[in-house]
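Where a number appears in this text, it was derived from the coordinates with a stated rule and is not lab data. Predicted model only: the values in this text are computed from it and were never measured. Neighbour counts are summed over all protein chains in view; Cβ atoms, including those assigned to glycine, are modelled from backbone coordinates with ideal geometry.
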Ligand SMILES: Cc1cc2nc3c(=O)[nH]c(=O)nc-3n(C[C@H](O)[C@H](O)[C@H](O)COP(=O)(O)OP(=O)(O)OC[C@H]3O[C@@H](n4cnc5c(N)ncnc54)[C@H](O)[C@@H]3O)c2cc1C
């Protein structure tokens, strides 16, 4: 039986709920608690490979965009660790992911509203609140914030392959060290695929690396100014007001604004490959084959070997390739977490099976409006490509804080965007929860 009812309980403590916890730390009148199943904070530990870099500015931290005087900013972290000047002197174009993860861990250790080693197991709707069973005991909360991240996406053709022959990029840090196979295929032309190819180049036991991507080439992340306008609250508000078919179309077209490879990683990889060519002139070259525009259609295990069949979009032919090991850098997908299954039939889903998110990031369900379920990292198609990124995390947390309080605690007003996205005089149902730009 639940004795105490919080204003908000959070499930999962990745960067997104951590940002919410950090923003809510400045509002003591709200009682909140966040639960994480890991024993301590960790940010994608499976992809913490040497040399991995951030794809976003450190100013897009957990709090700064809407709360620059918060004690939980990246700059406050630098000052606390006496590295402010050295950090500036290092002149990073892209900050090491390890350092940003350390910042996140520092915030996680500092906030008192977080509970680790406390997975959320079940949630039931009670009379005016949610009953939540966690590994740390039961608790009640009027609102929920679901920040459990996404799960690894594995293509259907890989399902039959044994674990010993394949792994997802999310396990790379643990599994790469054990790769004994001479011929390795990396599937996926995004940032994770590039980082894994880079790491495999260091392994002497790997003699051939095949890097396979569905995209027509190994394509860069577009981080130029007008594309970066997609990562602003003003754009997100307008995007959210569009009909679903337009949102899906735009998301598809904008893929390289969020899922391409950082220019620095591409350059580094290209130079490594070039240098190998130089070395090959003096001795035998270890092979690397770069195969963009290939759509893998089947993987058949033949004894110790796997035969990959691919459609090559460049010349419209079918290729086959024999490999010993496959690394799937094939991204992540959202699934409704198991602990919400008791509410599954009460949650409205979109045409593509995702929860329908209001402008304040709460999902549509048939329960009382005062009992909201905010979902973070499930809004790529409702709020745009910035939603699964850190870029607007601080702002989203402020939107949620305002929604919990029912007033504009955080000032979320925005200047008009530089680009005029919508047709003048035709505002397609812009949201008001998000701030004044919606008016
Ligand atoms: C390798 C990698 C690098 C990235 N780099 C960048 C970048 O540079 N810039 C950028 O903008 N974006 C980046 N992203 C995208 C995005 O910012 C991250 O994926 C981010 O970690 C998402 O945060 P999250 O809180 O939604 O999920 P996660 O980080 O996945 O955290 C979710 C947490 O929930 C916990 N959990 C799950 N189920 C339960 C449960 N039932 N009970 C309790 N806890 C639970 C998990 O253990 C986990 O700790 C990157 C993504 C990846 C994969």
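Given the C-alpha centroids of the range 99-165 and the range 272-335, what is the distance between them in whole angstrom?
The distance from the Cα centre of the range 99-165 to that of the range 272-335 comes to 34 Å.
Just from its helices, what would the mean residue ellipticity at 222 nm be for the chain, if runs of 4 or more DSSP H residues each count -39500 (n - 2.57) and the sum is divided by every residue, rounded to the nearest 500 deg cm²/dmol?
For the chain, the value works out to -7000 deg cm²/dmol.
Classify the range 239-302 as rounded, prolate or oblate, taking a ≥ b ≥ c as the square roots of the eigenvalues of its Cα gyration tensor: rounded when a/c is under 1.5, otherwise prolate if a/b is larger than b/c and oblate if not.
Here the range 239-302 falls in the oblate category.
What is the chain's relative contact order, in percent, from Cα pairs under 8 angstrom and six or more apart in sequence?
The value is 22 percent.
Compare the peptides 8-16, 171-179 by average per-residue count of other Cβ atoms within 10 angstrom and give them in order, highest first.
Listed from highest to lowest mean packing, they are 8-16, 171-179.
Pick from 193, 303, 117: which is most flexible by mean-square fluctuation in a GNM of the chain where alpha carbon atoms under 10 Å apart are linked?
Sorting by GNM fluctuation, first place goes to 303.
If you take the square roots of the eigenvalues of the alpha-carbon gyration tensor of the range 107-258 and sort them as a ≥ b ≥ c, do you get rounded (a/c under 1.5), prolate (a/b over b/c) or oblate?
It is oblate, given that a/c is not under 1.5 and a/b is not larger than b/c.
When the convex hull of the Cα atoms of the range 44-185 is projected onto a plane and the area is averaged over all directions, what value comes out in nm²?
Result: 13.3 nm².
Among 216, 304, 71, which one moves the most in a GNM of the chain with springs linking Cα atoms closer than 10 Å?
Checking each option, the largest mean-square fluctuation is seen for 304.
If the viscosity is 1.002 mPa s and the temperature 20 °C, what Stokes-Einstein diffusion coefficient in µm²/s follows for the chain when Rh is the Kirkwood radius over Cα pairs?
Roughly 91 µm²/s, to the nearest whole number.
Sorting check: for 416-423, 102-109, 144-151, which peptide has the highest mean count of neighbouring beta carbons within 10 Å, and how do the rest follow?
So the order, starting with the most tightly packed, is 144-151, 102-109, 416-423.
Can you tell which of 364, 280, 76 shows the greatest fluctuation in a Gaussian network model of the chain with Cα springs below 10 Å?
Taking springs between Cα atoms under 10 Å, the residue moving most is 280.
Quick one: plug the Kirkwood hydrodynamic radius of the range 310-354 (C-alpha pairs) into Stokes-Einstein at 37 °C, 0.692 mPa s, and report D in µm²/s.
For these conditions, the coefficient is 218 µm²/s.
Using only the Cα atoms of the range 7-81, build the gyration tensor, take square roots of its eigenvalues as a ≥ b ≥ c, and label the shape rounded, prolate or oblate: rounded if a/c is under 1.5, else prolate if a/b is larger than b/c, else oblate.
Note, shape of the range 7-81 comes out oblate.
Write down the percent of antiparallel bridges among all DSSP beta bridges whose residues are both part of the chain, to the nearest 5.
DSSP beta bridges in the chain are roughly 50 percent antiparallel.
In whole Å, how far is the Cα centre of the range 387-428 from that of the range 190-261?
23
Take the Cβ-Cβ distance between residue 295 and residue 174 as r, set R0 to 41 Å, and report the resulting FRET efficiency rounded to the nearest 0.05.
0.90
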